[in-house]
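Written out below as structure tokens is the structure these notes cover.
Bear in mind that the values in this text are calculations on the coordinates, not laboratory data. Fair warning: this is a prediction, and the values are worked out from it, not measured in the lab. Here Cβ is always computed from backbone atoms with ideal geometry, including for glycine, and neighbour counts include all displayed protein chains.
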Amino acid sequence: MKIKTKLRLGFGFLFVVILFFGGISLYYMNEISKRSKVILKDNYETLNYTSEMRAILDGNGLPLPAKAMAAFDEQLALEGKNVTEAGEGKAVAALKSAYTLMVNPAVSLSEKQEALNKVRWQLKHIDDLNMNAIVRKNSAAQASIERAAMYVIFAASVCFLILFSFIVNFPGFVANPLREFADAIREISRKNYKQRLEFKGSDEFSELAASFNLMATELNKWESSNLAKIQSEKLRIETIIEQMQDAIIGLNEKQEVLFMNRVAAQLMNFEQQQVLGMDAMELRKKNDLLNRILQENGADKPMKIYADHKESYFQLERREIIVPNYDDNGDNAVLQTGKAAGQVYILKNITQFKELDEAKTNFIATVSHELKTPISSIKMSLKLMDDERVGAMNAEQKELVQHIREDCGRLLKITSELLDLAQVETGNLQLNFVKSDPRKIAIYAMDAVRFQAEQKSIELELVSKNNLPHVNVDIEKTAWVLVNFLSNALRYSPEKSKVIVQVIENAGAIEFSVRDFGKGIEEQYQKRLFDKYFQVPTDGNNKSGSGLGLAISKDFITAEEGNIWVESALGEGSKFCFSLPIAS
């Protein structure tokens, strides 16, 4: 039997029970109504007629006037038509006989008086009959009401028991199978594909159970066919990770260790199998290296770790694990997005490259140092050649000497920059921190390039307040950065223009900036301006430098715990800025 049919039968049964109870109630209410009508109508009218006749007799003496006789005859006729009780008809006949005698003119007064007494007695007798009837009928009505109430209460009790049993048992007919379905689906969600449902009958639940069992069978087949493949792929990935020469650590979204290869375990003195599944946040408290790896800002500089019986360098890389996430977007198509499932940390061994870089740095420092002395000697010789006491030179010779002097100055500047770069890269940069007035640093730098500005008729303007907070910096290095900014601004500014140097207090720091009104720098080059050896392509009108000035400037400012950046747009000029913390 189908569920729809069962529900119809169940609700139809409830409807029949309600009709049955309503029918019984209506029947007995109708009976009570009928009996009440009998009591209130017939006997009450008889009592009313006798009362009217008695009032006529009391209000008139014998012989009765014609008007009183007519009223009495009317009431007597009405009473003759309303005989309802046993003996009431005989009493009415006796009343009529006595009344006829009483109104007969031929009868003596004494006989009329006797007839009047009979009339009064018959009226009282009729009243007694009706009053007794009222009492009797009232008792019968009360008994009927009590009997009806008993039948209604019995019917209500039976209906209540039936309905209560229906309410208790009928919902289970639908709820119990649904509960079994919910439990089975929960087991399927736990990958228990051997779960089955057994429903007897031919209703929709049985059909749904058959479909569910078929689905579970197919899922079990799919799980069995794919489990070996998944395990094989898992072992393959684990083998690849294990044999990689880089240290690799994987964490899931709960910050638990998913995997850790042999190299990573050796670096951190962990047992591979023991740490799998453990909370990385707890492990980092016991291991300094793991703590450094998990730090948010620990991926910029190479990490020095003792490995392979020597100090080695490792570069940390973080990769977020993204897995497919299929979202059903209502009526639209299913959208594939990605969601984070953890992170992978990779420690790449860059010791070999670091050693090559240090060798390169040492070579550059040595060559630069060795070149500095002969270049200085050449500059001294050129100065002597300009002395008239040594000998006079013609115009062509003086021009050649001037070119040689400029080239020597450029070589000397490059060697100085290379030496500064070597100091930074080898960690030998020496900073002499003192509290200084930032305005004085800016004035010192402007004085250093003032002659160069005058050569191109460029105005240098300082925008600054007098009482700025002091900064704790190396004055020489900070001024060097400003001089480098100013030299670049003068190089790329047109003649008779302006270069603005601004020193202001901003967000708890002192901000230095140098603004020129040249052609500006394209956005594609701005991100690489502070890289070593990078040079913005020029049109050939401006001589390019070594590509080290801005890189060294960044190293100097970073060493002083400051920030450095550039703001530029084509046709609007450039603004090079750096900020330094205010001295406490």
| field | Relative contact order (%) - the stretch 3-175, alpha-carbon pairs under 8 angstrom, separation at least six | value | 32
| GluC sites (Glu not before Pro) within the stretch 455-505, DSSP loop, no more than 15 other Cβ atoms inside 10 Å | E495
| field | Low-density loop cleavage sites - trypsin sites (Lys or Arg not before Pro) in the stretch 63-119, where at most 12 other Cβ are within 10 Å (DSSP) | value | K81
| task | With label points built 7 Å along Cα→Cβ from the Cα atoms of L78 and D279, find their separation and express it in nm. | result | 10.2
| Those chymotrypsin sites (Phe, Trp or Tyr not before Pro) in the stretch 481-515 that DSSP places in a loop and that have at most 10 other beta carbons within 10 Å | none
| field | Whether the stretch 139-262 is rounded, prolate or oblate, judged on the alpha carbon gyration tensor where a/c under 1.5 counts as rounded | value | oblate
| query | Let a ≥ b ≥ c be the square roots of the eigenvalues of the Cα gyration tensor of the stretch 493-584; is it rounded (a/c under 1.5), or, if not, prolate (a/b larger than b/c) or oblate? | reply | oblate
| said: Restricting to lysines 8 or more places apart or on different chains, can you count the pairs in the stretch 44-157 with Cα atoms under 27 Å from each other? | reply: 21
| task | Classify the stretch 226-284 as rounded, prolate or oblate, taking a ≥ b ≥ c as the square roots of the eigenvalues of its Cα gyration tensor: rounded when a/c is under 1.5, otherwise prolate if a/b is larger than b/c and oblate if not. | result | oblate
| said: Here is the link list: K440/K465; K254/K301; K254/K304; K285/K310. Which ones come out longer than 22 Å on Cα distance? | reply: K254/K301; K254/K304; K285/K310
